[in-house]
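Encoded as C-alpha cells, the structure appears first; notes follow it.
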Amino acid sequence: MSRGRYHCFRGMRRCAMLLLAAMLMPAAACRTTSQSAAKQDALRRWNAVRARTKFQLARQQLERGFYDDAIETASESLGLDGAQCDAYVLLVRAHLELGRVASAGRVVQAATRKGLDSAELRYVQGIVFEQRGESQAAIDQYRLAVTASPTDPDYVIALAESLVTNNRASEALELLEECVDRTDDSGSVAVLAGQVAALVGDTQGAIRHYRRAMQVARDDVTVAAELGLLLARSERCVEAVALLKPLVDADRVDAPVSPALRRALATCYLVMGDGRSAQATLTAYADDHPSDTLAQLLLAKAALATDDLSTAGRAVSRASNNWPNHSEIVLVQATLDWRRGKLDRAADALTELISRDPYDVDACCLLGEVSVAMGDADAASAAFDRALAVDPKSVWAAAALRSLAEKSSVFSPAFGHSGVAREASPEPVTLPVNPGFQGDSVGRETSQAGSSGTMDPAR
C-alpha cells in the first residue's frame, strides 16, 4: 500500500472512532443519571423505613414514661424524614409531659413552617395554648381538630372542657349534645354532657345523659354513682336507692365506697320514711368516721325516726363537737331534748337560734311544739304564727295552729316528709330532710321566704 493511501486510511479510521465516541457519550451520561436517581430514591425509602422504626421506638419510650429518650429518638426520626407530622406531635407530647411548654410550642411552630397539618397537631397545639393561658387560641385549635376529625371523642371533650373553663357551659353542652351520636366513644361524651347539664341546672337533661352513658358502660361504677346522686338530688329516691344500694353494699376496706354515696342513700331512705334502713346504712360508718359531720347529723335524724334516742344522742354529740352551735345541729339537739323531756333546754336553744335567724321556719315550728309540751299555748301560737308569716305554705305550722284552735290534746302535724308528734305521742320524731340537697356546706341556708335547706349529704 502506498504511503499516501495508508495515511488516508488511518485518517478515516480515526474520524470513525471519534464519531462513534461522540454518539456513545450521551447514552453513557443518561445511564449514569438514571442510576444516581434510582440510588437516591432507594436511599430515601431506606431512610423512611429507618425513620418509622425510630418513631415506633420513640412512641414506646413515651408510653413507658422515658420522655427524654423519646425526644432524642423522635428527633433522630425527623432527621431521617422531616415530613412526619406524627413525630412532631410525639415531640410536643413529650415536652409537655416534662413541663417544657416553650419547647413544645417551638416544635409546633417547626411543624407549621414545614406546612404540616393534622387534627392531632391542632389538638396538641391547643394544649400548648391552654397551658400558656391563651384560652381563646386553645379553643380555636380544639375546634379545628373537631372539624378535621369529628368522631374523635378526645377532641370534642377537650373543646367542651375548655368552653366550660371559660364560662361558656351552655355552648359546651350544645356541642356535646351535637357530637354524642357521632363520636367513637359516646359513653365518655355522654358522661361529660351529664356533668355540664348538671352544672347549668338542667338536672333532667343530666339524668338523661347519664342513663345514655350507662347503656354504653353498664358496669361503670362511676357512672352509676353519678346517676344515683343526681336521682337523689331530684327526689327520685326509689330509682336512686336501686342504683346506690348495690354500690354501698359492695363497700370493702381495699375499695371503700364514697361517703357521698352512703349519705345520699341514707337521705333517700329518710325521705322514703325508712328510718331503720337509713340507720343501718350509717351506724358502722359513723362510728368509724366521727369527723363526718353530715353522716352524724343524718344518723341522728334516722335514730330519732326509729326512737333510738341513745344513738341519736351520740351522733348529735359528735356533730356538735365538729361544728359547735351550727344551726342544723342545734335544731337536731333541740328535738332530742324535747323527746327526752328537757323542755327548758330545748326552748332556750331554739329561742337563741331564732334570734340569730328569724326566718328559720323549722326552728319556729319546733319551738311551738316545745311550748305546747310545756303547756304554754300562747307561746306556741306565737311561734307557729311566726312560721306562717315567713312561709305561708308551711304545712306543719298550719296544722299545729288548727290543732291549737280545736284545743286538741294530741296532734301530728307534718314535719318535712314524715309526721311529727308531741312528746305525749308514742310516734317517733323525724327532722326535715331536704331531698334536693340544696346546701353547699354544712348548714341549712334559710331564705327570706322561710324555705330552709339542710346540709348536703351528697357532698
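Tabulated data
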read-out: SER75 under 19 Å from ARG52 (Cα atoms), free of Cβ contacts under 8 Å to residues at least 24 places away in the same chain and out of contact with any Gly (no Cβ under 9 Å at 6 or more places or on another chain); value: yes
read-out: ALA242 being part of a helix (DSSP H, G or I), of a type in the set (A, V, I, L, M, F, W, C) and surrounded by 15 or more Cβ atoms within 10 Å (Cβ to Cβ); value: no
read-out: Those residues of segment 334-362 which are more than 22 Å from GLY313 (Cβ to Cβ) and surrounded by 23 or more Cβ atoms within 10 Å (Cβ to Cβ), in sequence order; value: ASP360, VAL361
read-out: Restricting segment 204-234 to residues that are surrounded by fewer than 17 Cβ atoms within 10 Å (Cβ to Cβ) and not basic (Lys, Arg), the residue that is modelled with the lowest pLDDT; value: ASP219
read-out: Positions within segment 263-283 being surrounded by 22 or more Cβ atoms within 10 Å (Cβ to Cβ) and of a type in the set (Gly, Ala, Ser), in sequence order; value: ALA264, ALA266, GLY275, ALA278
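Listed here are the residues, each with its yes/no results for (1) more than 30 Å from ARG44 (Cα to Cα); (2) in the same structural domain as CYS179 (by TED's automatic domain parsing); (3) at pLDDT 95 or above; (4) in a loop (DSSP other than H, G, I, E, B).
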{"site": "ASP69", "(1), (2), (3), (4)": "no, no, no, no"}
{"site": "LEU78", "(1), (2), (3), (4)": "no, no, no, no"}
{"site": "ALA83", "(1), (2), (3), (4)": "no, no, no, yes"}
{"site": "ALA87", "(1), (2), (3), (4)": "no, no, no, no"}
{"site": "ARG93", "(1), (2), (3), (4)": "no, no, yes, no"}
{"site": "ARG122", "(1), (2), (3), (4)": "no, no, yes, no"}
{"site": "GLY126", "(1), (2), (3), (4)": "yes, no, yes, no"}
{"site": "ALA138", "(1), (2), (3), (4)": "yes, yes, yes, no"}
{"site": "VAL156", "(1), (2), (3), (4)": "yes, yes, yes, no"}
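Conditions tested, residue by residue: (1) more than 30 Å from GLY194 (Cβ to Cβ); (2) surrounded by fewer than 19 Cβ atoms within 10 Å (Cβ to Cβ); (3) in contact (Cβ under 8 Å) with a residue 12 or more places away in the chain.
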position: ASP86; (1), (2), (3): yes, yes, yes
position: ALA102; (1), (2), (3): yes, yes, no
position: VAL108; (1), (2), (3): yes, no, yes
position: SER118; (1), (2), (3): yes, yes, yes
position: ASP152; (1), (2), (3): no, no, yes
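To keep it simple, each residue is scored yes or no on (1) over 19 Å from THR293 (Cβ atoms); (2) free of Cβ contacts under 8 Å to residues at least 12 places away in the same chain.
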| position | (1), (2) |
| --- | --- |
| LEU230 | yes, no |
| LEU243 | yes, no |
| PRO259 | no, no |
| ALA264 | no, no |
| LEU270 | no, no |
| SER277 | yes, yes |
| ALA280 | yes, yes |
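The values are calculated or read from the model by the stated rules, or taken from the named source; none is laboratory data. Quick caveat: nothing in here was measured; it's all calculated off a predicted structure. All Cβ positions, even for glycine, are placed from backbone atoms using ideal geometry, and neighbour counts span all protein chains on display.
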